[in-house]
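Asks: I am attaching a structure below and will ask some questions about it afterwards.
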Ligand SMILES: [Fe+2]
Ligand SMILES: [Fe+2]
């Protein structure tokens with residue numbers, strides 16, 4: 001599934017690159033909700049604690065999606081969202097928990113992704129010229145760092161078992 005912004009009608013005052021990147025984060029956070037929820041489902045049989053963690057992360061990512069939507073409104077971006085519907089495909093993929101190597105790779109990738117997201121939000125925070133927007137972006141950055149920490153702790157816990 002995918003959202004797409006309609007052509008921008010007016011509002012040239014806002015920094016276009018900044019707005020575009022906030023919009024991109026808005027979409028990415030939503031995609032992460034679906035991805036993390038799917039990971040939780042894949043983990044549920046063998047790793048209930050992992051399933052619980054990814055469910056919790058998905059809830060926070062959904063809150064990020066919502067808050068980025070608030071930022072878009074605050075920026076005065078009037079972009080009607082066009083629902084393109086499912087992209088189809090439905091390619092079958094192996095479970096990320098099919099092997100120890102696959103599980104390790106999953107955690108490595110997700111920890112790196114969370115750290116990258118945190119860095120992106122810190123950069124956007126510095127680019128924001130609105131205190132309220134900067135504060136929201138800082139909170140999200142801190143939560144993304146917390147996600148990386150929680151995932152690393154779970155990875156260590158699995159390694160010991
Ligand atoms: Fe997030
Ligand atoms: Fe996150």
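Asks: Tell me, which residue of the range 1-40 that is at pLDDT 95 or above and over 23 Å from residue 136 (Cα atoms) is surrounded by the fewest Cβ atoms within 10 Å (Cβ to Cβ)?
Replies: For the range 1-40, the residue satisfying everything is 38.
Asks: Can you tell me which condition residue 51 does not meet? The list is (1) touching a strand residue (DSSP E or B) at 6+ places or on another chain (Cβ under 7 Å); (2) away from ligand 1 (no atom under 13 Å from the Cβ); (3) without any contact (Cβ under 8 Å) to a residue 40 or more places away in the chain, and all the others hold.
Replies: (1)
Asks: Spot the failing condition for residue 81; the list is (1) over 21 Å from residue 36 (Cβ atoms); (2) at pLDDT 95 or above; (3) surrounded by 12 or more Cβ atoms within 10 Å (Cβ to Cβ), and only one is missed.
Replies: Going through (1) over 21 Å from residue 36 (Cβ atoms); (2) at pLDDT 95 or above; (3) surrounded by 12 or more Cβ atoms within 10 Å (Cβ to Cβ) one by one, residue 81 breaks only (2).
Asks: Return yes when residue 69 is within 15 Å of ligand 1 (Cβ to nearest atom) and at pLDDT below 95 and no when it is not.
Replies: yes
Asks: Restricting to the range 119-161, name every residue that is under 19 Å from residue 47 (Cβ atoms) and more than 16 Å from ligand 2 (Cβ to nearest atom).
Replies: Quick first cut of the range 119-161, residues under 19 Å from residue 47 (Cβ atoms) only: 147-161.
Once the filter is applied, which keeps residues that are under 19 Å from residue 47 (Cβ atoms) and more than 16 Å from ligand 2 (Cβ to nearest atom), the range 119-161 yields 156, 157, 158, 159, 160, 161.
The values are calculated or read from the model by the stated rules, or taken from the named source; none is laboratory data. Since the structure is predicted, the reported quantities are computational estimates derived from the model, not experimental observations. Ideal geometry is used to build each Cβ from the backbone, glycine not excepted, and the neighbour counts take in all protein chains shown.
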